[in-house]
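The values are calculated or read from the model by the stated rules, or taken from the named source; none is laboratory data. Source: prediction; values computed, not measured. Cβ: placed from backbone, ideal geometry, glycine included. Neighbour counts: every protein chain shown.
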Amino acid sequence: MAVKSMPSGAAAHSWRSRAAPSRPGALYLLCWFLGSVLVAFLVLPLVALALTQSGASLAGVAGMADVRDAIALSLEGAFLSASCAALIGVPLAYGLARTSFPGKGVIAALVDLPLAVPHTVAGIALLMVFGRQGVLGEPLQALVGLKFWGTIAGIVVAMLFVSAPYMVNAARIGFEAVDPRLEKIARTLGLGPWRTFWRITLPLARRSIMTGVTLTYARSISEFGAVVILVYYPMTAPVEIYELFLRFGLDQAAGAAVLLLIVALSLFVILRLLALSGTAPRENR
Amino acid sequence: MIAGVAVEALSVTLGAFGLKKLDFALSGGELLVILGPNGAGKSVTLETIAGFHRPDSGRVLIRGRDVTALPPERRNVGFVVQNFGLFPHLTVARNVAIAWRHGRDADVPLAALPVPHDLDGLLSYFGISHLAARAPADLSPGEKQRVALARALAGAPDLFLFDEPFSALDSATRDQLRDELKSFLRRLSLPAIFVTHDHDDAMTLADKILVMRDGAMMQSGPAAEVLQQPAGSFVARFIGVDNVLAGRVTGVADGLVTVAVGERMLRATVPAIRAVPAGSLFLNIRAEDVTIRPPGTPLSPQPGINRLEGRLAALRGAGPLVTLTIDCGFPLKACLLGPQARAMKLDVGSAVEVEIAAGSIHLTAE
């Protein structure tokens, strides 16, 4: 609120000390001007895309079974990917936040590695591991019948590879922000290490973990490059849209694109609200 | 001693840092203040007693129980830290009740404390019933301290540990909370260890004082003894002795040691229990033991009184207490009550005469 009222110079000055003759108004004006350029740049393409579609044409696209299946598959894959990232990423984040050991920097850098790898490259690399003749792909199929080609397992693997860093980094920041002395106090109050983690550490890092889940989900549902190389069929929504674009051109693709956009964004907004929702203490004894 | 605490030859290594052979004992109701600069190992000492660091050697006994090998959750210590460390995601009531809800296994023997053992009783004992549903962020420092004490008591501690709880507070609040804490601890007669680098905390709270430096004990003993007879210049500076002067013994006669400080000669009483340190030594003189004489006051010389002439080099403070720095060949700090200082019309550059009783000069070897 306060920040929004800043650009109007008079209001900004009313609560500032009279001894400061400088004009922060100009600084804020410039920041807001440049900032709105960026915001417009980010929003405009999505609005322009959405405006190309009428309700009727959207309904038409939504009636296509393969588009519906693709969107459902994307949601399912992103959900599984975010869940796996939370399951194995949160412990790693806690370890990185709470312990120090030689080579910790290397591990932290390794976690960030996927962010620097082009996604098509990631797809090819994953193929070497999870493909038909892959290091893990072949024995896993032989031993437990788990296949990564042509299945949702492959989709999840591709999504997880490109999105897991977001989970680990967000959760790590959250854990690092929890004062270790609070954990120590809990221990002196008779809570063992596990109960301290569940009752104190985890709830205090909840917001950051939820942010990590949101980012992981968002990155997973938007993944194209790695998925398309590892698993072309069954098609996730981005792959389906690419295929529609190649086969039928822009109009068909745009309809499906808007539909995916609506579904993905609404889930994103819900997750974000969940992440930000009350961490204030609740009373129920 | 069964209700107390004993730390015996405790050594801990933490990377390049370590605690070296700490040794002290407290009986129930006694409060030990551990004083020392940042990095002296005060907090590590508390955390080792609480069970967060594994000692290389030595033992920790709490209420007669050897807890050296036990994890923190089985040691029965109440831990209060800077800003009181309330759990920010829990209400006051849940903060206090957490030890009952999720803590202690049934087999840990608990102290029988003269406080209520139910939530409502404990909250009203501390006068915080009306805060039960509040979030810690909304509390004043005084309210936070009470919640922190109530929470620690719910864990039925045998020992209280305080890690600089007041260091982020303004001095008025600190004075008030110190008084409250003191009366609270007196009622409970539990032993307590209080870590601080503020010598005011030591003077107000301590029954015993331990001064630490680089992980080692510099001095430990009853508060009055440490405050009056610091074992060395480091301890003296740390407990707030204003003048720590380097000098050299030139002679001993009639129960008085003559010490040269720069060009001046000062006489000090021969310490009753310690031998006179030979050669170079330190003189510790509290500012309040330096008496300012209005210039020209006739006085017959007495052997037990040192009289020095000097010039006022600096004058600080315009309130109730004025601190003077007098240049008498070496800088000497003195203090006066504000009205006295104003009546003497002292100014920087004024000639002044000071007196120091030989008995107020405390000599240390290092």
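One table, with the values for the structure above:
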{"read-out": "Selection status of A:Ala78, at pLDDT below 90, part of a helix (DSSP H, G or I) and surrounded by 12 or more Cβ atoms within 10 Å (Cβ to Cβ)", "value": "no"}
{"read-out": "Lone qualifier among A:Arg199, A:Arg206, A:Arg219, A:Arg195 - being of a type in the set (D, E, K, R), in contact (Cβ under 8 Å) with a residue 60 or more places away in the chain, at the interface with chain B (Cβ under 10 Å from one of its Cβ atoms) and more than 15 Å from A:Ile71 (Cβ to Cβ)", "value": "A:Arg206"}
{"read-out": "Residue ID - surrounded by the most Cβ atoms within 10 Å (Cβ to Cβ), chosen from residues in region B:210-225 that are over 20 Å from B:Ala365 (Cα atoms) and touching a residue at least 24 places away in the same chain (Cβ under 8 Å)", "value": "B:Gly215"}
{"read-out": "Flag for A:Ala125 being within 30 Å of A:Arg172 (Cα to Cα) and surrounded by 13 or more Cβ atoms within 10 Å (Cβ to Cβ)", "value": "yes"}
{"read-out": "Evaluation of A:Ala65 against (1) over 30 Å from A:Val258 (Cα atoms); (2) without any contact (Cβ under 8 Å) to a residue 40 or more places away in the chain (one fails), failing number", "value": "(1)"}
{"read-out": "Meets criteria (at pLDDT below 85, more than 27 Å from B:Gln229 (Cα to Cα) and out of contact with any Pro (no Cβ under 6 Å at 6 or more places or on another chain)) for B:Pro294", "value": "yes"}
{"read-out": "Residues of region B:95-105 satisfying the condition of being at the interface with chain A (Cβ under 7 Å from one of its Cβ atoms) and basic (Lys, Arg)", "value": "B:Arg104"}
{"read-out": "Flag for B:Ala99 being farther than 20 Å from B:Glu180 by Cα, more than 29 Å from the chain's Cα centre (by Cα) and surrounded by 22 or more Cβ atoms within 10 Å (Cβ to Cβ)", "value": "yes"}
{"read-out": "Set B:Val115, B:Val81, B:Val92: member being more than 8 Å from chain A (Cβ to nearest Cβ), at pLDDT 90 or above and in contact with a helix residue (DSSP H, G or I) (Cβ under 6 Å, 6 or more places away or on another chain)", "value": "B:Val92"}
{"read-out": "Residue among B:Arg178, B:Arg134, B:Arg151 that alone is touching a residue at least 24 places away in the same chain (Cβ under 8 Å), under 26 Å from the mean Cα position of the chain (by Cα) and within 11 Å of another protein chain (Cβ to nearest Cβ)", "value": "B:Arg151"}
{"read-out": "Residues of region A:174-204 that turn out to be of a type in the set (Ser, Thr, Tyr) and farther than 21 Å from A:Ser100 by Cα, as a count", "value": "1"}
{"read-out": "Matching residues in region B:67-77 - criterion: being more than 7 Å from chain A (Cβ to nearest Cβ) and in contact with a strand residue (DSSP E or B) (Cβ under 6 Å, 6 or more places away or on another chain)", "value": "B:Val67, B:Thr68"}
{"read-out": "All positions within region B:139-190 that are aromatic (Phe, Trp, Tyr) and under 24 Å from B:Gly36 (Cβ atoms)", "value": "B:Phe160, B:Phe162, B:Phe166"}
{"read-out": "Helices (runs of 4 or more DSSP H) within region A:99-188 that include 2 or more residues away from every other protein chain (no Cβ under 14 Å)", "value": "A:104-116, A:119-130, A:137-144, A:152-176"}
{"read-out": "Qualifying residue in region A:139-147 (condition: modelled with pLDDT under 95 and surrounded by 19 or more Cβ atoms within 10 Å (Cβ to Cβ))", "value": "no"}
{"read-out": "Scan of region B:65-90 for residues that are in contact (Cβ under 8 Å) with a residue 12 or more places away in the chain and over 21 Å from B:Ala150 (Cα atoms), ordered by number", "value": "B:Arg65, B:Val67, B:Thr68, B:Leu70, B:Pro71"}
{"read-out": "Residues being crowded, with 21+ Cβ neighbours inside 10 Å and of a type in the set (D, E, K, R) - total across region B:50-85", "value": "2"}
{"read-out": "Considering residues of region B:44-64 that are touching a residue at least 60 places away in the same chain (Cβ under 8 Å) and either of a type in the set (S, T, N, Q) or not in a helix (DSSP H, G or I) (or both) only, the residue nearest to the other protein chains (Cβ to nearest Cβ)", "value": "B:Ile62"}
{"read-out": "Qualifying residue in region B:154-168 (condition: within 12 Å of chain A (Cβ to nearest Cβ) and in a helix (DSSP H, G or I))", "value": "yes"}
{"read-out": "Among the residues listed as A:Ala10, A:Ala62, A:Ala86, the single one being surrounded by 13 or more Cβ atoms within 10 Å (Cβ to Cβ), among the hydrophobic types (A, V, I, L, M, F, W, C) and either at pLDDT below 90 or touching a Ser or Thr at 6+ places or on another chain (Cβ under 7 Å) (or both)", "value": "A:Ala62"}
{"read-out": "1 or more residues under 24 Å from B:Arg63 (Cα atoms): qualifying helices (runs of 4 or more DSSP H) within region B:171-242", "value": "B:171-188, B:199-205, B:223-228"}
{"read-out": "Condition met for B:Ala172 (at negative phi, exposed (fewer than 15 other Cβ atoms within 10 Å of the Cβ) and either modelled with pLDDT under 95 or in contact with a helix residue (DSSP H, G or I) (Cβ under 7 Å, 6 or more places away or on another chain) (or both))", "value": "yes"}
